[in-house]
Structures are given as structure tokens and as C-alpha cells.
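Okay, so here's the structure we're looking at.
The values are calculated or read from the model by the stated rules, or taken from the named source; none is laboratory data. In this text, all values refer to a predicted model and were calculated from it rather than measured experimentally. All Cβ positions, glycine included, derive from the backbone under ideal geometry; neighbour counts span all protein chains shown. The protein model used for the area step is the full one, side chains on, heavy atoms only, and it has no ligands, DNA or RNA in it. Shrake-Rupley method; radii C 1.70, N 1.55, O 1.52, S 1.80 Å.
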Amino acid sequence: MISIVIPCKNEAENLPILVGEVHDAMAGRDYEVIVVDDGSTDRTADVLAELARSAGRLRHVRHDRSAGQSAAVRSGVFAARGSIVVTMDGDGQNDPAYLPRLADALIAAGPSVGIAAGQRLKRTDTKLKQLSSRFANGLREMILRDGTRDSGCGLKALHTDLFRQLPFFDGWHRYLPALSLREGRGVVHVDVVDRSRRHGKSNYGILDRGLRGVLDLFGVWWLRRRRKVVPSVTELGQ
């Protein structure tokens, strides 16, 4: 089974379209959709209840208060029943057509690879967001050397057991390639095309990402330096 994890906050208008697109993209596969409502104050809960009744395969996980995107992704990962988790944003900018491609890329890469990471082309964000993202990604690559030009893309596929053992912190979802490398698992990349948001506005701001992201970056650098060797573990006598 593949578990699709979608963190969202106040996306009541976008969710019916997005969830329908996810079902279409995953048709013919064994999958579940887990939408994590990060303390929404709009009609998100009512919309998800109706979608669960009408479409099935949908699970609604709710935070009683907003805890941030990383916490929402983590709640979905620990709720997942599938052996692979594929994440995507809840605002509709990530195209669900790439969900099976990411899962297939991860499976085809074999057990030595821990993550298939989406890399956005033709960004539709504002110029300010694009410039801030370009700067952050350049700085991250210079320090972490994770070979990923766009770690902020919400489309990612990971093995569920690996996902659950990665060290967690707020902002963690933006460093998943580097954290996978820390566990001795490789990274493959899939180019994806970004879309424009249909309704609403971003709930996670540029300053929120940028200022705290610098501290996160050096925290991940420290974590990687503190794990020099990743041994292959074998139990004998079985």
C-alpha cells in the first residue's frame, strides 16, 4: 500500500478538487489518502467528512491547534498503513499526477535509496518566493551537499520505516534528502511541474521559512557530522 499524506490548513476550497485528482492519479493501485488538518478554522473538517463519506480511502487526522507543516507531515507518517509514504502540499500547487511516478521511482531504485524527491520546474510562486527559495537552496547545497536543487518541494516519496526514524524538528520536511543520506540511504530525483494555487493564500510565510531555516540548516549539518559511519546490520544465527 502507498499512503498519500497531505498536510493542510484552511484549504476547504482546494481540498475537493485536490482529493478527486489524487483518486484519479492513484486509480488501480493499493493506496490510502491521509489529510492532516493542522488546526484549520474554516470548513476544512466538514469538507473532509463529506469527502470521506462520498469517496472512501480518505482518512482525516486533525490537530486541535496549528502545529506547523512539519508536525502535520509527521502525524500523517505515523498514521500511515502503507510501506511507502508520498507527501504533497494541500494547496493544489503540487500536481497529483506525479504521485505514482515518485512511488515507482523509489521502488525502482531499490533498498539502497531512501527518498524520491520532486524537483519543481516552471515555478508559479511570486518572484520574492522564488528568489528566497533559490538563495535557501543554494546555501543548503553548499553546506549539506545533498545533491538536491529544490528540497522545499512538497512531493516526496519515502519508505515509511525510514521516514519514522528520521530525527524530527520543526522545518524537518525541508531537509529530508539530507536526513536520508545521514541514514546511509541514497536520493533519486523526479522533475515535476508546479501549478498555481486556485483558492486562498499561503499559510506558511517567507520569513517563517527563511529566518528559522538558517538555524535548521546548521542543525542538520551538525546532525550529519555526528554520524560518521552507518554500518550494515545483520543478525546471525537465525
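A few notes on this one:
- Arg57 - accessible surface, heavy atoms, 1.4 Å probe, Å² rounded to 10: 120
- Placing unit charges on each Cβ (+1 for Lys and Arg, -1 for Asp and Glu) gives the stretch 2-104 a dipole about its Cα centre, and among Gly82, Ala67, Pro96 the Cα reaching farthest toward its positive end belongs to Gly82.
- This model, with +1 at the C-beta of Lys and Arg and -1 at the C-beta of Asp and Glu, gives the chain a dipole about its Cα centre of some 880 debye.
- Signed unit charges on C-beta, dipole axis of the chain, positive-most listed residue Ile143, Gln165, Ser40: Ile143
- Scaling against 2.2 N^0.38 Å puts the C-alpha radius of gyration of the stretch 1-92 at 0.96.
- Relative packing of peptides 100-109, 70-79, 170-179, 228-237 - highest average C-beta neighbours within 10 Å first: 170-179, 70-79, 100-109, 228-237
- Only helices enter the 222 nm calculation for the chain: every DSSP H run of n ≥ 4 contributes -39,500 (n - 2.57), and dividing by all residues gives -12500 deg cm²/dmol, rounded to 500.
- One chain, two ends: Ala108 and Ser54. Fully extended at 0.36 nm per residue, the span grows by 16.1 nm beyond their Cα-Cα distance.
- Across the stretch 51-126, the convex hull enclosing all Cα atoms gives 147 Å³ per residue.
- DSSP assigns beta bridges within the chain; of those with both partners inside it, close to 20 percent run antiparallel.
- Ranked packing of 31-39, 144-152, 215-223, most packed first, by mean Cβ within 10 Å: 31-39, 144-152, 215-223
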